[in-house]
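The values are calculated or read from the model by the stated rules, or taken from the named source; none is laboratory data. These numbers were taken from a predicted model, which means no experiment stands behind them. Neighbour counts are summed over all protein chains in view; Cβ atoms, including those assigned to glycine, are modelled from backbone coordinates with ideal geometry.
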Ligand SMILES: CC(C)(COP(=O)(O)OP(=O)(O)OC[C@H]1O[C@@H](n2cnc3c(N)ncnc32)[C@H](O)[C@@H]1OP(=O)(O)O)[C@@H](O)C(=O)NCCC(=O)NCCS
């Protein structure tokens, strides 16, 4: 029998299509096997995700190659002293043979100067949790994957001013973000500012929070977002839901924000599935109230 050769290397343009198809196949397979709706509506969404990450972070995008064919991919997102990881996927036909672990080890090696690595794992997935755990990632709490479409009206306190984010706000928003979440990511805020409208909140003229929206077709993902307190983030979400009315809305809410969680359930959001926030290295509970990003993954 021919010896198995597994190579991990940086992603190239020619790999994008297959890598995107595998992202879709791997997630739709594991979600369906556990009785959940497949999260990816089409192969094109996976391909555009792989292309988007590769174009922004080519040095941090990896593929696993076996017998000259792409069988998986993994993405790193370095942000100063923190980095997000994901998605990591292996073709269902090639799983449980070490490719996922090799992809993770390549990502961890590339991030060796970055002290704190983060990722989000689907809580039902009994493969990914021990894989990450054995590589040094510890659980830092549950995350609720929320979704919804039609919402009940929720009153909004009048002391908050909410307006659109402008590129001129980015520096101040990045400073508030770093102070509250500990993550330095002005490049991500620039990325969202270039796709208006995004939102900021002010109280007595002082910046108190922001909420970014990632729009894909007929759905919108809320996050990254952070505010100095729960009621301010709630106001940002309510305004964003009004603006994106008629679309399917999703967000990743850390479950420790219990008050906001109850507000979201009352508003009409549903819990799609639970996830685990896992960190390798130092992590401090963020100040304020936050939503996790899906782009870039897991920050
Ligand atoms: C998660 C995923 C990337 C793993 O890739 P893979 O190639 O199948 O994983 P590997 O074979 O490299 O490693 C799996 C590890 O988990 C261990 N493992 C698997 N199931 C386990 C269980 N139930 N209990 C304990 N350990 C388990 C294996 O023993 C192996 O560890 P080892 O190498 O130390 O023996 C792949 O299953 C996948 O694409 N899943 C769907 C998409 C997904 O959920 N991605 C993760 C997003 S966060």
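Quick rundown of the values:
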| read-out | value |
| --- | --- |
| Count of residues meeting criterion [surrounded by 16 or more Cβ atoms within 10 Å (Cβ to Cβ), assigned to a helix (DSSP H, G or I) and within 14 Å of the ligand (Cβ to nearest atom)] in the stretch 125-174 | 4 |
| Residue count, the stretch 18-43 (criterion: exposed (fewer than 15 other Cβ atoms within 10 Å of the Cβ) and in a helix (DSSP H, G or I)) | 2 |
| Residue under evaluation residue 279, criteria (1) under 19 Å from residue 128 (Cα atoms); (2) surrounded by fewer than 18 Cβ atoms within 10 Å (Cβ to Cβ), criterion not met | (2) |
| Helices (runs of 4 or more DSSP H) fully within the stretch 182-299 counting 2 or more residues that are under 27 Å from residue 58 (Cα atoms) | 186-193 |
| So residue 99, is it surrounded by 18 or more Cβ atoms within 10 Å (Cβ to Cβ), away from the ligand (no atom under 13 Å from the Cβ) and within 27 Å of residue 13 (Cα to Cα) | no |
| Single match in 120, 63, 107, 90 (criterion: under 23 Å from residue 20 (Cα atoms), away from the ligand (no atom under 12 Å from the Cβ), surrounded by 21 or more Cβ atoms within 10 Å (Cβ to Cβ) and touching a residue at least 40 places away in the same chain (Cβ under 8 Å)) | 63 |
| Looking only at the stretch 185-222, and only at residues there that are farther than 13 Å from residue 169 by Cβ and touching a strand residue (DSSP E or B) at 6+ places or on another chain (Cβ under 6 Å), the one that is surrounded by the most Cβ atoms within 10 Å (Cβ to Cβ) | 222 |
| Filter pass, residue 274 being surrounded by fewer than 16 Cβ atoms within 10 Å (Cβ to Cβ), out of contact with any helix residue (DSSP H, G or I) (no Cβ under 6 Å at 6 or more places or on another chain), closer than 30 Å to residue 134 by Cα and at pLDDT 95 or above | yes |
